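Have a look at the structure below, then the notes.
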Amino acid sequence: MDIILLVVHVVLALGIISLVLLQKGAGANAGAVLGGGAGSVFGSSGSSNFLSKTTAILATAFFVNSLVLAYMASHRVGPATVIDQIEQTQQLEVIAPEPALQEFGPGIDETVPIPFSEPAESDVPPPASKTE
């Protein structure tokens, strides 16, 4: 839903920009009038053509779409930013301790994990006795 509203928002913005650029400004006729009719340049007749009506409709839709996007952003559930999302993901990962590694002879560089286990009593050699 967010993506659809964002696409509509961009399309509305581009539509407003293009319609405003297509319209003739209110002071466009001021150069021709210069003398006696200066009061009627920005006349009070309020003539509105298709472009100005369409611009008003698109501007209203853009405003409403902006309010909906702001409401949805403020009531979003979950992490607010990408950094919060990364931190939350890192906290959820369980890091298991690595087992001890046993190295083979001096010429071999490979290491193999050895599962950790308590030595059995039969594996433990008896303590050496001191003889003098």
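Here, each number is a calculation from the coordinates, and none is a lab measurement. For clarity, every value in this text was computed on a predicted model and none was experimentally measured. Quick reminder, even Gly has a Cβ in these numbers, built from the backbone with ideal geometry, and neighbours come from all protein chains shown.
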Would you please list the contacts, defined by Cβ atoms under 7 Å and residues six or more apart or on different chains, that run from a residue in segment 58-79 that is among the small types (Gly, Ala, Ser) to a residue that is assigned to a helix (DSSP H, G or I)?
-> 59/16; 61/12
Which of the residues that make up segment 1-24 are without any contact (Cβ under 8 Å) to a residue 24 or more places away in the chain and not charged (D, E, K, R)?
-> 3, 4, 7, 10, 11, 14, 17, 18, 21
